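K.L.:
Input: one structure, supplied below.
The values are calculated or read from the model by the stated rules, or taken from the named source; none is laboratory data. Nothing here was measured: the structure is a model prediction, and the numbers come from that model. Quick reminder, even Gly has a Cβ in these numbers, built from the backbone with ideal geometry, and neighbours come from all protein chains shown.
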Amino acid sequence: MSAEFTILGRGRAGRALAAAWRGRAALLPHVERPDGLVLLAVPDHAVAELAEAFPGRCVHLSGSLQVPEIPCAHPLTSFDGEPRDWNGTPLALTGAVPPVLRQAFEVLGFRPFELPGALKPLYHAAAVLASGHAATLWLGADALLRTHGIDLPGRGLWPLAEATLRNLQLHGSAGRTGPFARGDLETIQRDAAALPEGWRDIFLALGKALD
């Protein structure tokens, strides 16, 4: 099978998508200048300059960056360099993404939707809260326990993380549990007092964010 388009950039997103498309897309380092349609899987700071080399025939993957006249297809997921099950994963489209690229993403299970360029920073900030910041919270919680000599057996915090996400998926906001959800002020105050100041502020601010 000859490649229908090129992925430029060999980071985690580029490698994962290229492997999933199985020859439908060629994977090249960002210094190459291929012919045809190009998908820019590169850091945000490199998008605008690289796009100049492919006028009218490139699409970028940045969820936050809006480059005039350069369409974007942003998969709302976290890549690790390997192909995964992406069925039902949103794909934010901004600008005129070529049909061949849209269809290629759809074959992998992505669900396209139109995202206005002006809303991209808000969309991406929400994604960071749900992904990068969530990861920081889980890693921070584990570090707090270990610092105080609490080494959880078995799978540690993973069962809690999985049950939390499952409850939210099944029940929406009603799946949120814990002292803030049930208004247990005594427990909130006791827990907050046990935390270092920086984590205490985060604990209280996040707990009240949906009030």
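K.L.:
Can you tell me which of (1) free of Cβ contacts under 8 Å to residues at least 40 places away in the same chain; (2) over 14 Å from Ala73 (Cα atoms) is the one Val42 doesn't meet?
P.N.:
The single condition Val42 does not satisfy is (2).
K.L.:
On the basis of being closer than 22 Å to Pro90 by Cβ, touching a residue at least 24 places away in the same chain (Cβ under 8 Å), touching a Gly at 6+ places or on another chain (Cβ under 9 Å) and in a loop (DSSP other than H, G, I, E, B), does Ile70 make the cut? Lay out the reasoning, then the answer.
P.N.:
Values: closer than 22 Å to Pro90 by Cβ: yes; touching a residue at least 24 places away in the same chain (Cβ under 8 Å): yes; touching a Gly at 6+ places or on another chain (Cβ under 9 Å): yes; in a loop (DSSP other than H, G, I, E, B): yes.
Against the criterion (closer than 22 Å to Pro90 by Cβ, touching a residue at least 24 places away in the same chain (Cβ under 8 Å), touching a Gly at 6+ places or on another chain (Cβ under 9 Å) and in a loop (DSSP other than H, G, I, E, B)), Ile70 qualifies.
K.L.:
Can I ask one more? In the stretch 137-163, how many residues are acidic (Asp, Glu) and surrounded by 14 or more Cβ atoms within 10 Å (Cβ to Cβ)?
P.N.:
First, pick out the residues of the stretch 137-163 that are acidic (Asp, Glu): 142, 151, 162.
Next, only the ones that are surrounded by 14 or more Cβ atoms within 10 Å (Cβ to Cβ) stay: 142.
Counting residues in the stretch 137-163 that are acidic (Asp, Glu) and surrounded by 14 or more Cβ atoms within 10 Å (Cβ to Cβ) gives 1.
K.L.:
Hey, another quick one. Which condition number does Gly9 fail, the rest of (1) at pLDDT 95 or above; (2) crowded, with 19+ Cβ neighbours inside 10 Å; (3) touching a strand residue (DSSP E or B) at 6+ places or on another chain (Cβ under 9 Å) being met?
P.N.:
Result: Gly9 passes all but (1).
For every residue, the table says whether it meets (1) surrounded by fewer than 20 Cβ atoms within 10 Å (Cβ to Cβ); (2) of a type in the set (Ser, Thr, Tyr).
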{"position": "Pro55", "(1), (2)": "yes, no"}
{"position": "Val59", "(1), (2)": "no, no"}
{"position": "Ser64", "(1), (2)": "yes, yes"}
{"position": "Val67", "(1), (2)": "yes, no"}
{"position": "Gly81", "(1), (2)": "yes, no"}
{"position": "Gly88", "(1), (2)": "yes, no"}
{"position": "Thr94", "(1), (2)": "no, yes"}
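K.L.:
Name the single residue, out of those in the stretch 109-136 being in contact with a Leu (Cβ under 8 Å, 6 or more places away or on another chain) and aliphatic (A, V, I, L, M), that is surrounded by the most Cβ atoms within 10 Å (Cβ to Cβ).
P.N.:
Ranking the candidates gives Leu115 first.
K.L.:
Looking for whichever is at positive phi, under 18 Å from the mean Cα position of the chain (by Cα) and without any contact (Cβ under 8 Å) to a residue 24 or more places away in the chain here; the options are Gly23, Gly88. Which one fits? Please lay out each step first, then the result.
P.N.:
Details: Gly23 fails: under 18 Å from the mean Cα position of the chain (by Cα).
Of the residues listed, the single one that is at positive phi, under 18 Å from the mean Cα position of the chain (by Cα) and without any contact (Cβ under 8 Å) to a residue 24 or more places away in the chain is Gly88.
K.L.:
For the stretch 143-151, indicate whether the set of residues that are closer than 24 Å to Pro43 by Cβ, touching a helix residue (DSSP H, G or I) at 6+ places or on another chain (Cβ under 9 Å) and without any contact (Cβ under 8 Å) to a residue 60 or more places away in the chain is non-empty. Give the derivation first.
P.N.:
Step one: filter the stretch 143-151 for residues closer than 24 Å to Pro43 by Cβ, giving none.
No.
K.L.:
Here are some conditions: (1) under 23 Å from Ser131 (Cβ atoms); (2) of a type outside the set (D, E, K, R); (3) surrounded by 16 or more Cβ atoms within 10 Å (Cβ to Cβ); (4) over 17 Å from the mean Cα position of the chain (by Cα). Leu50 meets all but one. Which one does it not meet?
P.N.:
Unmet for Leu50, out of (1) under 23 Å from Ser131 (Cβ atoms); (2) of a type outside the set (D, E, K, R); (3) surrounded by 16 or more Cβ atoms within 10 Å (Cβ to Cβ); (4) over 17 Å from the mean Cα position of the chain (by Cα): (1).
K.L.:
Tell me which of these Thr187 doesn't satisfy, since it passes every other one: (1) closer than 30 Å to Arg24 by Cα; (2) in contact with a Pro (Cβ under 6 Å, 6 or more places away or on another chain).
P.N.:
If we test Thr187 against (1) closer than 30 Å to Arg24 by Cα; (2) in contact with a Pro (Cβ under 6 Å, 6 or more places away or on another chain), just (1) comes out false.
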